[in-house]
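**Student:** Pasting a structure below so you can have a look.
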């Protein structure tokens, strides 16, 4: 009997050893302790946005011609009304000089004709007074009155000639304006197409003429970004926005939605977006930005402070999470009721309590409900 007892004990020890040796080892997992914090519901742009200038114009001459004057170069600061470029127009200047001379000549002729008319009218009145006293004949009076009327008509014709000459002079000035480019606002010359002496060729009717000068006002900037069409109804003017730029890594700027486009842009059939415009809340905070910088926007729809929250990445399909049971060392699947959410955090309304720990890395092999796990101390959740 004693020998049998020893044999049984040995077999039991061997069995336990084999059991523990072949038992699956606990899977190391990253756990996150549930705590309170801030959660915001946000929307982000689908493709990269762009920093734009509040004022930007691409100037081109109405007609073609040889570039005679180019008063700026790329990067120059200009003032409103400053002459930037002018085409050769000696023929127009000659026509303008001729029109001005005709206007001066018409003015002198009008002055002479109107003085003669006044004198004739005075003479006609004098002859009328003499006729009333019987000193001159009726025919003499009639002749004086007729002469006054003719001279008054000549005065009126001369005045009409002045108006015609002035209109012709103004027309020549308009023609000269067709060959010159003036700055419509204070700004910076971004790009110039053409060199001094080159010929600027106008486009055919109905085709826009390529711009000769690209002028931007970089003192006022905003961000233009495409948003998914399904998110557009949630966006309103005045909503707060976080702005990030590749050129300023790690820096978050604030802004507000200033415009939502009233139409959908269909760049591709599967990529229908609505453009929004965002003003910088503190332009000086951004520093010197360049027009054309890529930018991302995150619109804040709503926010709550000091609420129970978990990483959004920890939520499985169907709104469930894997909770670590410290007593059994196993994972338990538990459904939750979510509130506000974004790509980083989700508010928990029901199903969890502060202090519990959940799995955040769900892509690890073997991580599922019922799995035997152990906290990974080498890679603690952030």
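**Student:** Taking the stretch 352-367 as the region of interest, how many residues are modelled with pLDDT of 85 or more and part of a loop (DSSP other than H, G, I, E, B)? Break it down into steps so the answer makes sense when it comes.
**Tutor:** Step one: filter the stretch 352-367 for residues modelled with pLDDT of 85 or more, giving 352-360.
Those still in the list that are part of a loop (DSSP other than H, G, I, E, B) too: 352-356, 360.
Of the residues in that region, 6 qualify.
**Student:** While we're here: Examine the stretch 100-121 for a residue that is in a helix (DSSP H, G or I), in contact (Cβ under 8 Å) with a residue 24 or more places away in the chain and under 25 Å from residue 181 (Cβ atoms), and state whether such a residue exists.
**Tutor:** Yes, the stretch 100-121 contains a residue that is in a helix (DSSP H, G or I), in contact (Cβ under 8 Å) with a residue 24 or more places away in the chain and under 25 Å from residue 181 (Cβ atoms).
**Student:** Here's another thing I want to ask about it. Out of 125, 133, I need the residue that is farther than 30 Å from residue 106 by Cα and surrounded by fewer than 17 Cβ atoms within 10 Å (Cβ to Cβ). Which one?
**Tutor:** Step by step, each of 125, 133 is checked, and only 133 is farther than 30 Å from residue 106 by Cα and surrounded by fewer than 17 Cβ atoms within 10 Å (Cβ to Cβ).
**Student:** What strands (runs of 3 or more DSSP E) lie completely within the stretch 233-351 and have 1 or more residues being more than 17 Å from residue 43 (Cβ to Cβ) and in the same structural domain as residue 366 (by TED's automatic domain parsing)?
**Tutor:** Of the strands (runs of 3 or more DSSP E) lying wholly inside the stretch 233-351, those with at least 1 residues that are more than 17 Å from residue 43 (Cβ to Cβ) and in the same structural domain as residue 366 (by TED's automatic domain parsing) span 294-311, 320-325, 330-335, 337-341, 345-350.
**Student:** Specify which of the listed residues (207, 230) is outside any strand (DSSP E or B), within 30 Å of the chain's Cα centre (by Cα) and modelled with pLDDT under 85.
**Tutor:** Checking each option against the conditions leaves just 207.
**Student:** Same structure again: For the structure I just gave you, tell me whether residue 81 is in contact with a strand residue (DSSP E or B) (Cβ under 7 Å, 6 or more places away or on another chain), in contact (Cβ under 8 Å) with a residue 24 or more places away in the chain and part of a strand (DSSP E or B).
**Tutor:** The answer is no for residue 81.
**Student:** Based on what the data block shows, is residue 73 assigned to a loop (DSSP other than H, G, I, E, B), exposed (fewer than 13 other Cβ atoms within 10 Å of the Cβ) and either modelled with pLDDT of 80 or more or outside the structural domain of residue 188 (by TED's automatic domain parsing) (or both)?
**Tutor:** Taking the combined requirement at face value, the residue satisfies it.
**Student:** A further question follows. With (1) free of Cβ contacts under 8 Å to residues at least 40 places away in the same chain; (2) loosely packed, with under 14 Cβ neighbours inside 10 Å; (3) over 20 Å from residue 218 (Cβ atoms) as the list, and residue 261 as the residue in question, which single condition is left unmet?
**Tutor:** So residue 261 meets the others, but not (2).
**Student:** To continue, here is another question. Against the condition within 19 Å of residue 187 (Cα to Cα) and at pLDDT below 90, how does residue 58 come out, does it pass?
**Tutor:** In short, yes.
**Student:** Just the residues that are surrounded by fewer than 16 Cβ atoms within 10 Å (Cβ to Cβ) and modelled with pLDDT of 80 or more, please, taken from the stretch 368-380.
**Tutor:** Within the stretch 368-380, 368, 369, 370, 372, 374 meet the criteria.
**Student:** Sticking with this one: Just to be sure before I move on: is residue 298 free of Cβ contacts under 8 Å to residues at least 12 places away in the same chain and under 30 Å from residue 48 (Cβ atoms) in the structure I sent?
**Tutor:** no
The values are calculated or read from the model by the stated rules, or taken from the named source; none is laboratory data. This one's a predicted model, so the numbers in the text were calculated from it and none came from an experiment. Neighbour counts are summed over all protein chains in view; Cβ atoms, including those assigned to glycine, are modelled from backbone coordinates with ideal geometry.
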